[in-house]
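*Asks:* Mind looking over this structure? Questions follow.
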Amino acid sequence: MVSLFQALMLILNVVWFIMITHIIMSWLLNFQVLNIRQPMVSQIWYGLNRLLEPIYAPIRRILPNTPGLDLAPLVAFIVLIIVQRVLINNAGFFYGY
């Protein structure tokens with residue numbers, strides 16, 4: 001069970017890192033620090049979008065439409081942190097206590 005806990009935490013940490021990268025990159029694109037017409041930037045951006053869209057799409061359907069402001073990454077990020085905290089607080093179950 002310990003390896004299951006560690007695998008879940010590893011997956012959540014990787015998703016956390018990918019989401020942070022996507023959020024920072026979206027800011028850099030919006031402030032025109034990065035240019036989407038550069039091949040490397042374009043590949044990274046579209047790759048991150050393809051990875052995270054299955055997570056963001058259901059959240060976007062639930063949230064109200066806010067033009068110019070996408071709250072789906074924020075909600076997904078908060079849910080991810082809550083899931084991590086729940087797993088950490090219940091780690092005794094995985095360790096057999």
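The values are calculated or read from the model by the stated rules, or taken from the named source; none is laboratory data. It should be emphasised that the depicted structure is a prediction, and the values quoted were computed from it without experimental measurement. Cβ coordinates were reconstructed from backbone atoms using ideal geometry, including for glycine residues, and neighbour counts include every protein chain displayed. Remember, those area values only see protein heavy atoms, side chains included, never the ligands or the DNA or RNA. Shrake-Rupley method; radii C 1.70, N 1.55, O 1.52, S 1.80 Å.
*Asks:* Looking at (1) farther than 30 Å from Gly96 by Cβ; (2) touching a residue at least 24 places away in the same chain (Cβ under 8 Å); (3) not charged (D, E, K, R), can you tell me which one Leu4 breaks?
*Replies:* The one condition Leu4 does not meet is (1).
*Asks:* Looking at the structure I just gave you, is Leu12 under 10 Å from the mean Cα position of the chain (by Cα), of a type outside the set (S, T, N, Q) and surrounded by 11 or more Cβ atoms within 10 Å (Cβ to Cβ)?
*Replies:* Considered against the rule, which asks whether it is under 10 Å from the mean Cα position of the chain (by Cα), of a type outside the set (S, T, N, Q) and surrounded by 11 or more Cβ atoms within 10 Å (Cβ to Cβ), Leu12 comes out as yes.
Quick grid of which residues meet (1) over 23 Å from Asn30 (Cα atoms); (2) at pLDDT 95 or above; (3) in contact with a helix residue (DSSP H, G or I) (Cβ under 7 Å, 6 or more places away or on another chain):
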position: Glu53; (1), (2), (3): no, yes, no
position: Val75; (1), (2), (3): no, yes, yes
position: Leu80; (1), (2), (3): yes, yes, yes
position: Leu87; (1), (2), (3): yes, no, yes
position: Asn90; (1), (2), (3): yes, no, no
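*Asks:* Now for a separate question. Give the residues of segment 34-89 that are part of a loop (DSSP other than H, G, I, E, B) and either hydroxyl-bearing (Ser, Thr, Tyr) or touching an Asp or Glu at 6+ places or on another chain (Cβ under 7 Å) (or both), sorted by residue number.
*Replies:* Result: Thr66, single match.
*Asks:* Could we say that Ser42 is surrounded by 11 or more Cβ atoms within 10 Å (Cβ to Cβ), over 21 Å from Leu74 (Cβ atoms) and out of contact with any Ser or Thr (no Cβ under 9 Å at 6 or more places or on another chain) here? Don't jump to the end; show me each part of the working.
*Replies:* Values: surrounded by 11 or more Cβ atoms within 10 Å (Cβ to Cβ): yes; over 21 Å from Leu74 (Cβ atoms): yes; out of contact with any Ser or Thr (no Cβ under 9 Å at 6 or more places or on another chain): yes.
Against the criterion (surrounded by 11 or more Cβ atoms within 10 Å (Cβ to Cβ), over 21 Å from Leu74 (Cβ atoms) and out of contact with any Ser or Thr (no Cβ under 9 Å at 6 or more places or on another chain)), Ser42 qualifies.
*Asks:* Restricting to segment 45-91, give me the number of residues that are loosely packed, with under 14 Cβ neighbours inside 10 Å and among the aromatic types (Phe, Trp, Tyr).
*Replies:* 1
*Asks:* Another question, then. Which residue out of Phe17, Phe94, Phe31 is open to solvent by less than 90 Å² (accessible area, probe 1.4 Å) and not β-branched (Val, Ile, Thr)?
*Replies:* Phe94
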